[in-house]
Amino acid sequence: MTLRDLINKLLGRETASANTARERLQLVLAHDRVDMSSLTTDLLDKMRKEILDVVAKYVEIDFEEVAVSLETEDRMTALVANLPIKRTVSGEIKFKNNNEKNDKDIKK
Amino acid sequence: MSKNTRTILICSGKGGVGKTTLTANLGIALANSGATTAVLDADFGLRNLDLLLGLENRIIYTAQDVLDKNCRLDQALVRHKKEPNLALLPAGDPRMLDWMKPEDMKKISDMLSEKFDFVLVDCPAGVEDGFKNALAACKEAIVVTNPELSAVRDADRVIGILNTSDIEPIQLVINRVRPNMMASQEMLSIDDVQGILSLPLLGIVLEDEQVIISTNRGEPLTLTDGRSPAKKCYLNVSQRLTGTDVPIIDPKNEGKSLKDKFMRLMQTKVF
Ligand SMILES: Nc1ncnc2c1ncn2[C@@H]1O[C@H](COP(=O)(O)OP(=O)(O)OP(=O)(O)O)[C@@H](O)[C@H]1O
Ligand SMILES: [Mg+2]
């Protein structure tokens, strides 16, 4: 916080517009960057495969039910992975038909 | 190609941020430092580079005539009288947009590369065909932006496209910087813009009314004797582009009045 911010705060004034600009820009760019088809289906396929490889090391996944997709809501885009787990690798049955949801934010 | 010519795209996405002004000033500055330099106007729709260089009355042929084989390249090149190391290759008329292909631009830039050390390509605004044509002519790029929301947003789109090409390096110039507004935090800071676009910063250019005056005269600031804030910046960008290790101009040191000093104090981090 700068001296100016502090004074503004004490006086109950609005913060300087550069802060607002920065925040608005970051939001709109997060959206643009994904929109920009920078995440092509090719890339998404590759990512799906790598995510599955990692997860499969620890749990047994029901590959037929796997869904990995991008979902956009209110200017935020999330990578949503739905990976139904059959059992952990150690053998213990964890879930039957329950789905494990995995949400991750995307940063390019 | 025998020479190691640097062909540089000057682009921005958003219009009116200062591409043509940068191309003209950088062209003169590079030529003045001894490098033979060609500036290519790739803005076929709205050409302006000739005006900024004061060469509008000396154009006979254009890039279009060279491609059509109506004339040789050196007949179309307009040499600058005061800066003989600099030549302008004007764009054709707006109709040229219809048939121009990236390969055509590539052909022109290859021809220029045989004769010049630097080829600066002044790009049209937008990310459509005109931009893609200009892109095909270049190996590296300078993205020009202003410390404003819409300019930064459009720059980000252009960078996204450049990143999928094999243009390298891609460097950033932030134009129309107002130290006072940055100091009072009413303008995105240099760090904000650079951080968001995450490109290496080639330089900044201060907001300066001398830019308008020099445009009126058709004499880029780097060609004139006087001192002005923007001129100093253009020279700085030119030096950094040719590898001279000079620091980027820091807007914090540019305001000299008491008010500027006060603004700087207000910027002090308290916690
Ligand atoms: N540093 C500066 N200080 C003050 N005015 C400037 C500065 N840089 C550019 N300008 C002004 O901004 C306007 C647009 O500049 P310029 O024509 O170079 O932009 P451009 O990006 O080439 O535009 P276009 O997209 O239309 O080709 C001009 O009127 C110019 O004089
Ligand atoms: Mg222009």
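Only the coordinates and a few stated rules stand behind these numbers; no lab work does. Computed from a predicted model, the values in this text were never measured in an experiment. All Cβ positions, even for glycine, are placed from backbone atoms using ideal geometry, and neighbour counts span all protein chains on display.
Observations, loosely collected:
- Think of it this way: in chain B, B:Cys71, B:Cys138, B:Cys233 stand alone, with no other Cys Cβ under 4.7 Å.
- Residue order, fewest to most beta carbons within 10 Å, for B:Lys132, B:Lys14: B:Lys132, B:Lys14
- For chain B, the residue among B:Ile167, B:Ile142, B:Leu223 whose Cα projects farthest onto the positive side of the dipole built from Cβ charges is B:Leu223.
- Per-residue mean of foreign Cβ neighbours for B:183-192 is 4 (Cβ atoms of other chains, 10 Å radius).
- Legend: translational diffusion of chain B by Stokes-Einstein, Rh = Kirkwood radius over C-alpha pairs, 4 °C, 1.567 mPa s; D = 69 µm²/s.
- Taking the Cα centre of the stretch B:6-266 as reference, the dipole from Cβ charges on Lys and Arg (+1) and Asp and Glu (-1) amounts to some 600 debye.
- Rounded is the label for the stretch B:1-130. Its Cα gyration tensor axes, ordered a ≥ b ≥ c, give a/c under 1.5.
- P(r) histogram, all alpha-carbon pairs of the protein assembly as shown included - 10 Å bins from 0, percent: 5, 20, 25, 20, 15, 10, 5, 1, 0
- Sorted ascending by nearby beta carbons within 10 Å, beginning with the fewest, B:Arg58, B:Arg47, B:Arg153 become B:Arg58, B:Arg153, B:Arg47.
- Footprinting exposure proxy for B:Asp225, B:Asp41 (fewest neighbouring C-beta atoms within 10 Å first): B:Asp225, B:Asp41
- Listed residue (B:Gln194, B:Leu265, B:Leu53) projecting farthest to the positive dipole end of the protein assembly as shown, Cβ model: B:Leu265
- Taking each DSSP H run with n ≥ 4 as -39500 (n - 2.57) and averaging over every residue of the protein assembly as shown yields -11500 deg cm²/dmol at 222 nm.
- Average beta-carbon neighbours from other chains, 10 Å sphere, peptide A:2-11: 4
- Multiplying the residue separation of B:Thr244 and B:Glu140 by 0.36 nm and removing their Cα-Cα distance gives an extension gain of 35.7 nm.
- Look at the stretch A:13-21: the mean tally of other chain Cβ atoms within 10 Å of its residues' Cβ atoms is 4.
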